[in-house]
Each structure stands twice: as C-alpha cells, then as structure tokens.
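Step one of this worksheet: look at the structure below.
The values are calculated or read from the model by the stated rules, or taken from the named source; none is laboratory data. All figures in this text were calculated on a predicted structure; none of them were measured in a lab. All Cβ positions, glycine included, derive from the backbone under ideal geometry; neighbour counts span all protein chains shown.
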Amino acid sequence: MTTVIDSVPLGVVLDDIVQLHRPRNERGSVPARIPHLSAPPFDRFGIAVATTTGEIFSAGDAGIPFSIQSISKVFTLAMALGVDDRDSLWSRVLREPSGTSFDSLVQLEVEHGIPRNPFINPGALVVTDHLMESFPDSAGHFLRFLAEQVGESTVGVGPFIDEAAAQSELASGNRNLALAHFLKDFGNLRHPAQAVVESYIRQCSVMMTCEQTAKAGLFLARGGRGEAGSVVSKDQAKRICSIMLTCGMYDAAGEFAYRVGLPGKSGVGGGILVIVPGRYSICVWSPRLDSKGNSLAGMAALADLTDRTGWSVF
Ligand code: GLN
C-alpha cells in the first residue's frame, strides 16, 4: 500500500519538498550558548512521515541524527502523564501559551514560579522533576522509552545521548540553572536544581534521525498507542496535541498554527515534530533557526506540505 496525494505518491511529494526547501545559502542562526549546534552544515534538510498504518516515507537527510533539543519536551510530558494517575502535574505547571521566549526568567518571577506550560524551559524542568519522582535516572528511562517507540524498522543507530554535547551545554547552562533555582525558591522543584538541569539537558541532547523522531511521535497520532502498548490514554494524547498546537513553537505558536494548522513541537537543533491526528507523525529537520528558535526551512517546508496535502486539524 502506498500513500498518494492527488495521485502523486507521497515519496515523490517529499522529494520535491526537499528540492525546493533545502537551504542554498547560509541564513538564520544557531543558539550561541549551545556551541555544538553549529556543527551541522547549513544545507542539511530532511523530512520523514510515519503513518498510523505502519508505513514510513522520507527524503533528503532524514537518516542523519540531529539533536532533538526541545522536541524531548513532548516525550517527557507524555511519560510524566503516563505515570501520573492523579493529574498532580497540573498543579505545578499551566497550559497557557507564554508569548515569551522559551527561557524567559521574567514571566516565571511575575507568576510566582508556576510555568505557563510544559514546553517552555521552566515547565520542562518541572516535568523532569516530576518524572524523577518515579524514575531517578529520568534521562536513561527517557532513552529506553524512545528506543522502544522507534523499534527496529528505521535505518541508522538507535536514539543515543550525545554526552559531550550535554556537558558543553551544561558548562554554559547558567540560564537554565537560574530558572531551576527560581523554581526551587518558589517551592516548585523537589530535587536539587543542579540534578534536574542535568537530566533535562541530557534529555535535550538525544540524537535521532527524522525517521526515528517521526516514529517516536506516532503514539500521538494513534490516540496514545505506542509500539509496545499504551503510552498515554486517548484523552491525554488529545490534550498533549492541544498543548502542542497552542504552545509548541514558543512565541511563534500563533504563526505556526496560521501557516501549518497542526500540533507541532520544535527544538533549537532545527527539528520540528508535527502530528496529523489519526494519520501521520511528521518530522522535518534543518539546522538554521529564525529569531524565535524555530527551523527556518522546516517552517517553510511544513507550510508548503500542508498546503499541498490539505493536512490540517481545521
Ligand atoms: N537545551 C535547550 C535549552 O534548554 C533547549 C531549548 C529549545 O530547544 N528550545 O535552552
């Protein structure tokens, strides 16, 4: 069986997207305080679509591992909710778009240590802290979770933590430490600030290919059902997608909803994970970013793909 868009096979559509959107010259930026993210050449571009019927389509550099960075926040949220039968996480973090940058200190201070949502850095630190209650080695558990979702059916080495990159980010991780200390001061962190930031940064430093990332996100397109059984309930899968739609692209969530019309989550490694509920999990990667920290070419490619295919939740 093959997926066809207006009688064009999806694989051909993806090849065309790569042709059009692979950057031809150096544009955009990489985050100054994460030096290893400048290593991939500017013209890297990959895209993969995993279907709920078990197919996988990909094009360009979809088999090259990249740093998933904040895409990890979707998976850690799902894992935390999966073990949180009393929904207690939601007394520690809200579900509102922040309208500020992902590492803003100002909002956290004004709002008394309750982060706006789980996809900005302070929110993800709270989620990691929550997860550490059940899994002290939350990053190790996170990696096993991803390996299970990805399974055997993609090419390349499985998900792994780039430990050298994590160490270098940690060495310049003052802002995340500041956020963690703020949270601690407001009584919203149970573990030591340093330990939470370390786990969080190791989770961000996971390397996966577009194919693997798309496969790992498939449980969200399948109403919470992962490769080896339920990850979250159907209701929770719906709600995680809602938070992706409203908060997944930081202070560009409105622009992304306007241009793409699907739940998405970006990372400063240049990856974006997008869910078409009931049908597809998509990952696009290109390393240079716009001013909000989202992949420049990735955003343009997803707008183009969804215009061509009509994939949208609207
Ligand atoms: N590791 C990065 C940080 O904490 C992740 C940020 C991101 O991808 N938006 O700053």
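Just one residue in the set Arg86, Arg116 is closer than 17 Å to Asn176 by Cα and of a type outside the set (Phe, Trp, Tyr); that residue is Arg116.
Taken over the range 1-53, the residue count meeting the criterion of being in contact with a Leu (Cβ under 9 Å, 6 or more places away or on another chain) and free of Cβ contacts under 8 Å to residues at least 12 places away in the same chain is 1. For the range 107-163, a residue qualifies if it is in contact with a Gly (Cβ under 7 Å, 6 or more places away or on another chain), in a helix (DSSP H, G or I) and within 22 Å of Ile243 (Cβ to Cβ), and exactly one does: Gln149. Quick check on the range 284-307. Is at least one of its residues at pLDDT 95 or above, away from the ligand (no atom under 16 Å from the Cβ), surrounded by 24 or more Cβ atoms within 10 Å (Cβ to Cβ) and not aliphatic (A, V, I, L, M)? Among the residues of the range 284-307, not one is at pLDDT 95 or above, away from the ligand (no atom under 16 Å from the Cβ), surrounded by 24 or more Cβ atoms within 10 Å (Cβ to Cβ) and not aliphatic (A, V, I, L, M), which makes the answer no.
Looking for something under 22 Å from Glu255 (Cα atoms) and within 16 Å of the ligand (Cβ to nearest atom) - is there at least one such residue anywhere in the range 129-142? There is no residue in the range 129-142 that is under 22 Å from Glu255 (Cα atoms) and within 16 Å of the ligand (Cβ to nearest atom). Can you tell me which residues in the range 16-36 are more than 16 Å from the ligand (Cβ to nearest atom) and assigned to a loop (DSSP other than H, G, I, E, B)? If the condition is that a residue be more than 16 Å from the ligand (Cβ to nearest atom) and assigned to a loop (DSSP other than H, G, I, E, B), then Arg22, Pro23, Arg24, Asn25, Glu26, Arg27 are the ones that fit.
Only one of the listed residues (Ala171, Ala124, Ala166) is surrounded by 15 or more Cβ atoms within 10 Å (Cβ to Cβ), within 14 Å of the ligand (Cβ to nearest atom) and over 22 Å from Leu220 (Cβ atoms). That residue is Ala166. A single member of Asp61, Asp43, Asp84 is touching a helix residue (DSSP H, G or I) at 6+ places or on another chain (Cβ under 8 Å) and surrounded by fewer than 20 Cβ atoms within 10 Å (Cβ to Cβ), and it is Asp84. From the list Ser134, Ser104, the lone residue that is at pLDDT below 95, surrounded by 15 or more Cβ atoms within 10 Å (Cβ to Cβ) and among the hydroxyl-bearing types (Ser, Thr, Tyr) is Ser104.
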